[in-house]
Protein chains: 2
Amino acid sequence: MITAKTIEETRKAVREARAAGKEIGFVPTMGALHEGHLSLVSIAKKHADFIVMSIFVNRIQFNDPKDFDKYPRDFDKDLSLAEKAGVDMVFLPDETVMYNNPLTFVDTSSLDRYLCGASRPGHFRGVCTVVTKLFNIVQPDTAVFGQKDIQQVRIVEKMAEDLNIPVSIIIAPIRRENDGLAMSSRNIHLSNEQRKQALCLSESLQTAKKLIEKGETSTAAIIREVEAEIKKGSPDSIDYISIVSYETLEPIKTLSTKSVLAAAAFFGSTRLIDNMIITEGDSIQ
Amino acid sequence: MITAKTIEETRKAVREARAAGKEIGFVPTMGALHEGHLSLVSIAKKHADFIVMSIFVNRIQFNDPKDFDKYPRDFDKDLSLAEKAGVDMVFLPDETVMYNNPLTFVDTSSLDRYLCGASRPGHFRGVCTVVTKLFNIVQPDTAVFGQKDIQQVRIVEKMAEDLNIPVSIIIAPIRRENDGLAMSSRNIHLSNEQRKQALCLSESLQTAKKLIEKGETSTAAIIREVEAEIKKGSPDSIDYISIVSYETLEPIKTLSTKSVLAAAAFFGSTRLIDNMIITEGDSIQ
């Protein structure tokens, strides 16, 4: 596995792989790799022959500098996991490689109004900007993003479409622990007690799934039940429970077109998210 | 010469040219081609083997819809001029090819505060967004922009650097009529009388050039003389006369590092601009 610290090394390796007839697959990460990330790699391998992973903790997408500082970093472990998963090259840049008095930002003007965007001003601007940069550095044919960060997926999808970025975006399903908790780099911050409480998030989605399968289409009714279920876990606070259109990420009143049920809650100071995609009112991912 | 109306045709032709070992040169325009544009083509031909020109009047960079409506359009004439100049492919998209409910925009956060940006809020956001899109569609090795729109050049340069767009930006010198007037698509809107008055812009730069060559480094003193010279042409109004750092596009008090003297004035309802780059206090472009 190649570990590239510079843009030039990265581009050279990609150029050589492409010259050898390989399709380039890309998995952007902020490190702290867990099985969720590794499943993105195995999905990328189905679509491409040369897999590039980036590991870069992107300061400009953190609202709170403390959150940036405490973001888990163990790059040696990450590199070893990436190699085992079959990554061909890790792009592991320093901050100075990525940012030099940056004045240019990429923004989606309305997709960040609800869900996580509402409480994280500037977060998705930071995500769009770094993803555009990484796409331009790696120039992949395919890039894989996890459904776990559903708003991020949707924003990156729309951004790639709007800016004509020549990349195909693949959405990988959420990986879960055996008891249902969505895998996250943040889970390691949970105490044993909080780890148990946090289950309420995935369980609330199961509650919603059953309701929807029974024919419930009122989003207010579904959200009410989801909220009751989440409260059983006694989170320190609920950030949001929303059902939004997949297309616009704006709240909807009745299930009809493709939509997303998403929730975020705090357990101690750890903010966890979970979601499911609802297609045509009953098929659920 | 190929005339491509779709993104797919454009990418296919570029892919074939590249497969044949050619370097791709790109000249983005809004049509209404004049010798200034054609000089960009001949400069592109020095750096690349397959020259793509885009012709697209980009609505989102116009502040005033009337200005967009009255922007001169004669695509048949443009295509004929492009072919004569040796362009290999013109990308001539409809608006629906370029924009489909766009929500993503590219912005430079501080380079648009002065010069033309001050009176044209959103203009450079429109420019950055369309140039990013065109770069992603054409994927050129080299792109040529005219120094005439100096703030645009500088913003595109910084944007390409910030977003790691793999393109080399070339700045082409300003083309002038025999009497010194900078060539512009807008010059055709000038009456004979206004055409004579408008000369004051290029003449004011000559005045500044002489002052600077004599050793004047106070930008206030230079601007005072430039203003007196422009007023001799009785413009309907002067939008700005500024001396800014090339790097930051912010006003400076004393000539030292690379800087730009730029002016904009109205003749009737036609807004004209002109500029010169000052390097190390005395070398002038």
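The values are calculated or read from the model by the stated rules, or taken from the named source; none is laboratory data. Quantities reported herein were computed from a predicted structural model and do not represent experimental measurements. We place every Cβ from the backbone using ideal geometry, glycine too, and count neighbours over all the protein chains shown. These accessible areas exclude ligands, DNA and RNA; they are computed on the full protein's heavy atoms, side chains included. Shrake-Rupley method; radii C 1.70, N 1.55, O 1.52, S 1.80 Å.
Please find, among B:GLU227, B:GLU247, the residue that is in contact with a strand residue (DSSP E or B) (Cβ under 8 Å, 6 or more places away or on another chain), farther than 25 Å from B:HIS34 by Cα and assigned by TED's automatic domain parsing to the domain that holds B:ASN275.
The match here is B:GLU227.
Could you name every one of the strands (runs of 3 or more DSSP E) located completely within region B:95-172 that has at least 1 residues being facing chain A (nearest Cβ under 8 Å) and open to solvent by 40 Å² or more (accessible area, probe 1.4 Å)?
The qualifying strands (runs of 3 or more DSSP E) are B:104-108.
List the number of the failed condition for B:SER218; all other conditions in (1) open to solvent by 50 Å² or more (accessible area, probe 1.4 Å); (2) over 25 Å from the mean Cα position of the chain (by Cα) hold.
The single condition B:SER218 does not satisfy is (1).
Taking region B:196-222, which residues are assigned to a loop (DSSP other than H, G, I, E, B) and either within 11 Å of B:GLY233 (Cα to Cα) or hydroxyl-bearing (Ser, Thr, Tyr) (or both)?
Looking only at region B:196-222, we keep the residues that are assigned to a loop (DSSP other than H, G, I, E, B), and these are B:198, B:214-217.
B:ALA198, B:THR217 - these are the residues of region B:196-222 that are assigned to a loop (DSSP other than H, G, I, E, B) and either within 11 Å of B:GLY233 (Cα to Cα) or hydroxyl-bearing (Ser, Thr, Tyr) (or both).
Would you mind finding the one in B:LYS5, B:LYS45 that is open to solvent by 70 Å² or more (accessible area, probe 1.4 Å), under 14 Å from B:VAL90 (Cβ atoms) and at pLDDT 95 or above?
Criteria check complete, one pass: B:LYS5.
Just to verify a result, which residue in region B:48-77, among those that are of a type in the set (Phe, Trp, Tyr) and within 17 Å of the chain's Cα centre (by Cα), is modelled with the lowest pLDDT?
Of everything passing the filter in region B:48-77, B:TYR71 is modelled with the lowest pLDDT.
Listed here are the residues, each with its yes/no results for (1) within 24 Å of B:ARG73 (Cβ to Cβ); (2) open to solvent by less than 60 Å² (accessible area, probe 1.4 Å); (3) away from every other protein chain (no Cβ under 14 Å).
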residue: B:GLU177; (1), (2), (3): yes, no, yes
residue: B:LYS196; (1), (2), (3): no, no, yes
residue: B:CYS200; (1), (2), (3): no, yes, yes
residue: B:THR207; (1), (2), (3): no, yes, yes
